[in-house]
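Beneath this line is the structure, given in structure tokens, with notes to follow.
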Amino acid sequence: MTKTLKEFKRDLKEAVASKADIQYVAAKTDKNDHFEARRYIADKILGDKKLADAYKALEMIHVTYGRIIGGDAVQLRQRLEKMLYDDLKRKVSNWSDIHGAL
């Protein structure tokens, strides 16, 4: 049985961010913990362990060596944003709620 394009697109968006997920991301963003908010999205909502590890490593670099390297870790985090948002749009049906919490 062949799926139609509409059925295929519907099946791609299987993940749904829970209200608790959205509240967690919003709370971390409100406390300026942007690395953790994005790591949580990558790990818990998208299930992308490699991207989650990248955010965790960037946070460690930013916290530990921020005085030496300046905002380079933040710039790298911003470069990863497009990939994170594209994955959210593609995989999560209520992606706009998560995007709004950031």
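Rounded to whole numbers, the Karplus 3J(HN,Hα) couplings from phi for region 25-34 are 4, 5, 5, 5, 5, 4, 8, 6, 9, 5 Hz, using 6.51 cos²θ - 1.76 cosθ + 1.60 with θ = phi - 60°, and x at Gly and Pro. Entry note: the chain has Rg to Rh equal to 1.06, where both radii use alpha-carbon atoms and Rh is the Kirkwood radius. Highest mean packing first, where packing is the average number of other Cβ atoms within 10 Å per residue, the peptides 73-86, 30-43, 49-62 line up as 30-43, 49-62, 73-86.
Under a 5 Å amide H cut-off, with hydrogens placed 1.01 Å from N, Ala15 pairs with Ser93 among residues at least 5 apart or on other chains.
A short reminder: the numbers here are calculations on the coordinates, not readings from a lab. Owing to the predicted nature of the structure, the values given are computational and were not obtained by experimental measurement. Neighbour counts run over all protein chains shown; Cβ positions are idealised from the backbone, glycine included.
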